[in-house]
Amino acid sequence: MVLTSPIGRLRLVGILEGISFLLLLGIAMPLKYAAGIPEAVSVVGAAHGALFVLYALAVVHVKFAHKWSIGRSLFVFLMSVIPFGPFILERQLKKEQ
């Protein structure tokens, strides 16, 4: 993964954001509601929130750097709210990079 390109940075942040989303949904939320440990959501949720903001900023950067259409940019952004979406998108972005 080349971190010197906008798409490379988007791919990296996308993977990290996707992992944090899965941790939030698959581990932290069950710990909160099934085991009564709300701290898990606080910690993982904060990390996921920060990565989500970085992802959004990376999408905007790539949109302008590579002259993506608004439709393409919205699609890439919306993939971040679908579980496993960033991992599917990563394959497409790797070809584009």
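Numbers for the structure displayed
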read-out	value
Only one of V44, V2 that is of a type in the set (V, I, T), at negative phi and either surrounded by 13 or more Cβ atoms within 10 Å (Cβ to Cβ) or at pLDDT 95 or above (or both)	V44
From K94, K63, residue being touching a helix residue (DSSP H, G or I) at 6+ places or on another chain (Cβ under 7 Å) and either open to solvent by 60 Å² or more (accessible area, probe 1.4 Å) or of a type in the set (D, E) (or both)	K94
The range 47-67 residues that are without any contact (Cβ under 8 Å) to a residue 12 or more places away in the chain and over 16 Å from P86 (Cα atoms), paired with ones that are open to solvent by 50 Å² or more (accessible area, probe 1.4 Å) and in a helix (DSSP H, G or I) (beta carbon under 9 Å, 6 or more apart)	K63/I70; K63/R72
Some residue of the range 49-72 being at pLDDT below 95, part of a helix (DSSP H, G or I) and not basic (K, R)	no
Considering residues of the range 1-48 that are among the hydroxyl-bearing types (S, T, Y) and assigned to a helix (DSSP H, G or I) only, the residue nearest to R91 (Cα to Cα)	S20
Some residue of the range 5-13 being in contact with a Gly (Cβ under 8 Å, 6 or more places away or on another chain), buried (at least 17 other Cβ atoms within 10 Å of the Cβ) and at pLDDT 95 or above	no
Candidate set: the range 7-26, residues that are in contact (Cβ under 8 Å) with a residue 40 or more places away in the chain and of a type in the set (V, I, T); chosen: the one nearest to L57 (Cα to Cα)	V13
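The values are calculated or read from the model by the stated rules, or taken from the named source; none is laboratory data. In this text, all values refer to a predicted model and were calculated from it rather than measured experimentally. Every residue, glycine as well, gets a Cβ built from its backbone with ideal geometry; the counts of neighbours run over all protein chains shown. Note: accessible area is taken over every heavy atom of the protein model, side chains too, but ligands, DNA and RNA are not part of it. Shrake-Rupley method; radii C 1.70, N 1.55, O 1.52, S 1.80 Å.
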